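Peer 1: Below is one structure. I have some questions about it.
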Amino acid sequence: MPRVSEVEAQGRPGTVGTVYSEYEYGALADEQELVWPAEGESAARPYQVEAEGLTSADTATAFVLAASEKEVQEAQADYQDAVRVLTPYIRREPGSKMRYWVCWPLLILGDMAGVWSAAVINGDIPFIAFWQALASGVAAGCAGLVGSELKDLRMAQARQRDPESLGKDEQRYWRLFTGAGKGMALVRLVGLLSLLVVALLALGIATLRSGIEGIEAGVTFGLLAAATALGSGLLGYAAADEVADLVGTMENRLRRAIKRHLKLASSPAPRQRARALEEARSIKSEYQLRGQGAAKRVESLSWRVQRNNTHVLGHGFPAGEPSGVIGRKARRGDRS
């Protein structure tokens with residue numbers, strides 16, 4: 001093992017306080033902690049300006065979004081309540097409503113085709129004949145809507161309850177349980193008018209076809225027109241269910257409320273403002289850390305100056321002395 005001939009360490013002389021180089025490097029370190037945040041403020045300024053410009057739009061969106069959220073909650077509560085209370089009274093089988101909306105336009109178009117072709121053959125202008133035929137087909141389809149009213153009255157009679165017997169939850173839908181028979185006279189009148197529309201359509205188409213293709217074709221097409229209108233009535237009767245329609249209306253209301261709420265939630269103003277604020281915050285944080293790191297780097301250079309001048313400042317602090325007077329905090333205390 002090599003022997004060390006002489007080991008000697010010199011402590012910092014007691015007569016030496018804080019040297020000028022420590023003040024110099026301390027000031028440089030303080031400068032770094034000011035310059036870097038200033039540069040961060042400059043780099044983040046465009047994002048801060050953008051966020052400030054979006055404040056009013058963000059506030060307005062937040063206000064409307066809060067109202068939309070309340071609307072969604074109310075629609076959800078109403079729908080769940082209707083499902084819980086009224087589901088036992090739903091009598092329409094699944095798919096009936098879809099079948100109705102598919103078949104009803106087909107009946108209208110079928111009735112319309114017979115009238116249009118006959119009118120064109122009779123010499124009418126096709127464009128004019130088209131609209132006349134369409135009106136005839138819609139009239140035939142609407143004549144059958146009385147079927148849904150008859151179905152609703154029948155089901156209302158089946159649900160008929162004494163108002164005093166309704167539970168607390170059912171009282172909210174009292175109209176569904178106490179309105180049977182009140183509109184029967186009006187439904188009879190609508191039914192008579194519908195039958196009159198069917199008769200007029202059948203007679204009109206029969207007359208038109210008879211003049212073109214003979215009496216047999218006229219009667220055939222007239223009966224087909226009447227069958228179309230009556231088929232529309234049967235289709236409406238099969239698909240009618242007032243309770244199911246009410247539950248479906250509340251479900252559609254909930255869906256629309258959710259759709260509007262999600263559209264508001266994805267509005268660009270809040271998203272852009274949040275992005276700009278996060279960009280500004282991240283840039284400032286980055287430059288703040290860079291400033292602290294640069295200050296530490298300059299402070300280390302101050303220690304290097306002392307290490308390179310051991311003949312004046314010694315090799316370190318005497319044993320038992322915690323920190324001496326070196327360091328920026330100590331220097332600040334000296335200056336104060």
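The values are calculated or read from the model by the stated rules, or taken from the named source; none is laboratory data. Every value quoted in this text rests on a predicted model; they were computed, and no experiment measured them. As a convention, Cβ positions derive from the backbone with ideal geometry for all residues, glycine included, and neighbour counts pool all protein chains shown. Only protein heavy atoms, including side chains, enter the accessible area calculation; ligands, DNA and RNA are left aside. Shrake-Rupley method; radii C 1.70, N 1.55, O 1.52, S 1.80 Å.
Peer 1: Once ligands and nucleic acids are excluded and a 1.4 Å probe is used, how much of H311 is accessible, expressed in Å² to the nearest 10?
Peer 2: That residue has around 150 Å² of solvent-accessible surface.
Peer 1: Still on this structure: Summarise the accessible area of the chain (1.4 Å probe, protein heavy atoms) by the percent that is carbon and sulfur.
Peer 2: The nonpolar share, carbon plus sulfur, comes to 62 percent.
Peer 1: Could you tell me the relative contact order of region 79-164? Use alpha-carbon pairs under 8 Å, at least six residues apart, and round to a whole percent. Before the final figure, lay out each step's value.
Peer 2: Working: 35 pairs, mean separation 23.8, N = 86.
Over region 79-164, the number comes to 28 percent.
Peer 1: In nanometres, what is the gap between the two model label sites at W131 and Q160, each 7 Å from Cα along Cα-to-Cβ?
Peer 2: 4.8
Peer 1: Give me the net charge of L134's neighbourhood, meaning all other residues with Cβ under 14 Å from the Cβ of L134; Lys, Arg count +1, Asp, Glu -1.
Peer 2: Result for the neighbourhood of L134: -2.
Peer 1: Can you sort Y100, Y25 by solvent-accessible area, 1.4 Å probe, largest first? Could you put the intermediate results ahead of the total?
Peer 2: On the way: Y100 20, Y25 55 Å².
Highest to lowest solvent-accessible surface, that is Y25, Y100.
Peer 1: Normalising by the residue count of region 107-216, find the relative contact order in percent from Cα pairs under 8 Å and 6+ residues apart.
Peer 2: For region 107-216, the relative contact order is 29 percent.
Peer 1: Please sort through the DSSP H helices of the chain and keep those with an alpha-carbon extent of at least 27 Å along the long axis and a Kyte-Doolittle average not below 1.0.
Peer 2: 184-213, 215-239
Peer 1: Okay, next question. So, for the chain, what is the accessible surface per residue at a probe of 1.4 Å, expressed in square angstrom?
Peer 2: Accessible surface, normalised per residue, equals 63 Å².
Peer 1: Compute the longest continuous run of the chain that contains no exposed GluC sites (Glu not before Pro); treat a site as exposed when its DSSP state is not H, G, I, E or B and it has at most 13 other Cβ atoms within 10 Å.
Peer 2: Excluding the exposed sites themselves, the longest stretch runs over 9-336.
Peer 1: Something else about it: With every protein chain left in place and a probe of 1.4 Å, what is the accessible surface of I205, to the nearest 10 Å²?
Peer 2: The value for I205 is about 20 Å².
Peer 1: By the scheme Lys and Arg +1, Asp and Glu -1, what is the net charge of all other residues having a beta-carbon under 14 Å from that of E279?
Peer 2: Net local charge, E279 excluded: +1.
Peer 1: While we're looking at this one, here's another question. So, counting K/R as plus one and D/E as minus one, what does the shell of residues with Cβ under 14 Å around L224 add up to? If you can, show how the numbers build up before the last one.
Peer 2: Values: positive: R209; negative: D111, E213, E216.
Result for the neighbourhood of L224: -2.
Peer 1: Stretched out fully, how many nm does the piece from N308 to D81 gain, at 0.36 nm a residue minus the Cα gap?
Peer 2: The span from N308 to D81 would gain 73.4 nm if fully extended.
Peer 1: Then there is this: Quick query: amide H of G11 versus all other amide H atoms, modeled in the peptide plane; which residues come in under 5 Å with a sequence gap of 5 or more or a different chain?
Peer 2: Correct list: H315.
Peer 1: Which label belongs to the value computed from this structure, given these candidates for mean projected area of the Cα convex hull in nm²: (1) 41.7; (2) 19.3; (3) 47.5?
Peer 2: Step by step, mean projected area of the Cα convex hull in nm² for this structure corresponds to label (1).
Peer 1: Moving to a separate point now. Can you give me the relative contact order of the chain as a percent, contacts being Cα pairs under 8 Å and 6 or more apart?
Peer 2: Once divided by the residue count of the chain, the mean separation gives 40 percent.
Peer 1: Please calculate the 1.4 Å probe accessible area of D245, with all protein chains present, and give it to the nearest 10 Å².
Peer 2: Accessible surface of D245 is approximately 50 Å².
Peer 1: In units of 2.2 N^0.38 Å, what is the alpha-carbon radius of gyration of region 53-200? If you can, show how the numbers build up before the last one.
Peer 2: Working: Rg = 23.7 Å, N = 148, 2.2 N^0.38 = 14.7 Å.
So region 53-200 has a normalised radius of gyration of 1.61.
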